[in-house]
Amino acid sequence: MTVIRTVGVIGAGQMGGGIAHVCALAGYEVLLNDISAERIAERLGVIEHNLARQVARGIVSEADKAATLARIHPTEGLAAIGATDLAIEAATENEETKKQIFRALQPHVAAHTLLASNTSSISITRLASSTDRPERFIGLHFMNPAPLMKLVEIIRGIATDAATYETAVSFTRSLGKTTANAEDFPAFIVNRVLVPMINEAIYTLYEGVGTVDAIDTAMKLGANHPMGPLELGDFIGLDTVLSIMNVLHDGLADSKYRPCPLLVKYVEAGWLGRKVGRGFYDYRGEHPVPTR
């Protein structure tokens, strides 16, 4: 079994930054990579802010915060990532983008390096087939936000060997996370259940059954959900929700997974949710306001 000491994270977005945060806090040396140096710098600022919040809540100490930040190293090239013990891809939820990353990483990967994808829906078997080591490839689906959420889904591709799986489980648990094994079917467990619920909530809005406020209030107070499904869609990113629904629809060929036309329109308009300031709610003012 590979001993994990260094972790490479490819993609300095919300998920990549969160993964880097939890790995560094657990004592791993982390190389954080992105095509944009500015995005890496911005994400390091977010990580520092989130660590400060953890200090304020008594979750970590000031010394832990300083040590965690010191373990995260900005890395613009993929060569250094290839030398790590575990390289985790955390790019946008697009299969071809992810495959291109693994192809670009390929010439730099050390013989012992394990590869992982943080994909929330795409086939691990297909992603692994774009590398020279499908037996050393695995899915590590961290929940968002990674520093707060306790679950990581672990997904084996058809070629993933037992040692890779066992190493992945041990590594994930060392982060203080709970693992759930998911088979390599579209959207795995969490998003197979969660995202169609969000899509159905959008259909409920589309068909005029309820307003944004009524739907979210009903699910929060009627089903005891901490966040309404439309608010949750905005938090995840409506482009990601659409991508996952397309994976489900294409992969399972069942009409019940057809993306709602209203979801498609919001994505076409660029109203992707919190990250752009507008989705089913407008976040540009002091308080979120429903857009329908």
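The values are calculated or read from the model by the stated rules, or taken from the named source; none is laboratory data. What you are looking at is a predicted structure, and each value in this text was computed from that prediction instead of being measured. We place every Cβ from the backbone using ideal geometry, glycine too, and count neighbours over all the protein chains shown.
Go through region 68-111 and count every residue that is in contact (Cβ under 8 Å) with a residue 24 or more places away in the chain and over 18 Å from Ser129 (Cα atoms).
Step one: filter region 68-111 for residues in contact (Cβ under 8 Å) with a residue 24 or more places away in the chain, giving 68-69, 71-95, 98-99, 101-110.
Okay, now just the ones that are also over 18 Å from Ser129 (Cα atoms), so 68-69, 71-81, 83-85, 92.
Number satisfying all stated conditions: 17.
Are any residues in region 19-40 touching a helix residue (DSSP H, G or I) at 6+ places or on another chain (Cβ under 8 Å), of a type outside the set (Val, Ile, Thr) and not in a loop (DSSP other than H, G, I, E, B), and if so, which ones?
Ala20, His21, Ala24, Leu25, Leu31, Leu32, Asn33
Please pick out the residue among Ala116, Ala90, Ala201, Ala146 that is under 30 Å from Asp234 (Cβ atoms), surrounded by 15 or more Cβ atoms within 10 Å (Cβ to Cβ) and outside the structural domain of Tyr28 (by TED's automatic domain parsing). So that I can check it myself, show each step before the final result.
Working: Ala116 fails: outside the structural domain of Tyr28 (by TED's automatic domain parsing); Ala90 fails: outside the structural domain of Tyr28 (by TED's automatic domain parsing); Ala146 fails: outside the structural domain of Tyr28 (by TED's automatic domain parsing).
Of Ala116, Ala90, Ala201, Ala146, the one residue that is under 30 Å from Asp234 (Cβ atoms), surrounded by 15 or more Cβ atoms within 10 Å (Cβ to Cβ) and outside the structural domain of Tyr28 (by TED's automatic domain parsing) is Ala201.
Going by the structure shown, is Pro196 farther than 17 Å from Ile19 by Cβ, of a type outside the set (S, T, N, Q) and not assigned by TED's automatic domain parsing to the domain that holds Ala20?
yes
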